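These notes concern the structure reproduced below.
The values are calculated or read from the model by the stated rules, or taken from the named source; none is laboratory data. The shown structure was predicted, so the numbers you read here are calculated from the model rather than taken from an experiment. As a convention, Cβ positions derive from the backbone with ideal geometry for all residues, glycine included, and neighbour counts pool all protein chains shown. Ligands, DNA and RNA are stripped out before the accessible areas are found, and what is left, the full protein with its side chains, is counted by its heavy atoms. Shrake-Rupley method; radii C 1.70, N 1.55, O 1.52, S 1.80 Å.
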Amino acid sequence: MKKLLTVYYTWSNGNTERIAKKLQDAAGGDLLKIDTAVPYSGSYDDVVHQGQDEVERGYEPELKPIDVNISDYDVIAVGTPTWWYTMAPAVLAFLHGHDFTGKTVVPFMTNGGWPGYVIKDMKKACPGAEFACDIQVRFDSNGGDHMETAEEEIDAWAQKVKALL
C-alpha cells in the first residue's frame, strides 16, 4: 500500500485546512501544515496587499522546518488557498524546496470565486511528478468560510485519492 502525505497552507479562515483534514479523515495518511518562518501580521487588508506584492515578485518565504521526509511518501496531496490567481507564496516555496520526481501529486485549492491558474502553476512547480485528482473547492466570495462546493463532491474526490493508495 502506498503512503499518503497531505500538506497544506492556510491563513485566514482555515478553509484549506478544513479540506486537508477531510481528505485525511477519508484516506488516512499523515497531515502536515506548512507555515512561514515569519508569520504574516497586521490587518486582513495589510496581509492581502503583502500577499499581492509577494505573488507579483515570485517571492518564496522561508518556511518553518518540517518534521517529515517527503521521500518516504508515494502520494502527496498539496493544498493552497488562492492568492492573486495562483498558489500562496508559502506553497510555492514548499514545492520548489522538494523533489517530486516519481511521486503522485494531488493538487487541491480553495478559492472565493475565481480559481485563477493555481492548479496549472502547482503542476509547473513539480517537474517529474505525476498528477491525479486535482480539485478546486469554492467558498463564498466575501472571504468567509461558507463552502459552496457540495460536500458530496469533496467526499467523492477524497475517495478517488484513497483509491490511489
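Per-structure values
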| item | result |
| --- | --- |
| The range 41-130 - percent relative contact order, Cα under 8 Å, separation 6 or more | 30 percent |
| Residue with peak Gaussian network fluctuation, the chain [Cα springs, cutoff 10 Å], from 124, 33, 21 | 124 |
| Protein accessible area in the chain, 1.4 Å probe - carbon and sulfur % | 46 percent |
| Relative contact order (%) - criterion: Cα under 8 Å, at least six apart; region: the chain | 25 percent |
| List 165, 95, ordered by accessible area with a 1.4 Å probe, largest first | 165, 95 |
| For q = 0.10, 0.11, 0.14 Å⁻¹, Debye-computed log10 I/I(0) when each Cα of the chain counts as one equal scatterer | -0.33, -0.40, -0.66 |
| Once exposed loop GluC sites (Glu not before Pro) are cut out (DSSP; at most 16 other Cβ, 10 Å), longest piece of the chain | 63-147 |
| Net charge of neighbours whose Cβ lies under 13 Å from the Cβ of residue 33, counting Lys and Arg as +1 and Asp and Glu as -1 | -1 |
| Amide hydrogen neighbours beyond the local backbone of residue 137, cut-off 5 Å, H modeled | 109, 110, 111 |
| Phi-based couplings in Hz for the range 8-22 (Karplus 6.51, -1.76, 1.60; Gly and Pro marked x) | 8, 10, 9, 10, 8, 9, x, 5, 5, 4, 4, 5, 4, 5, 5 |
| Radius 12 Å from Cβ of residue 149, net charge of other residues (Lys, Arg +1; Asp, Glu -1) | -3 |
| Accessible area (Å², 1.4 Å probe, nearest 10) - residue 44 | 120 Å² |
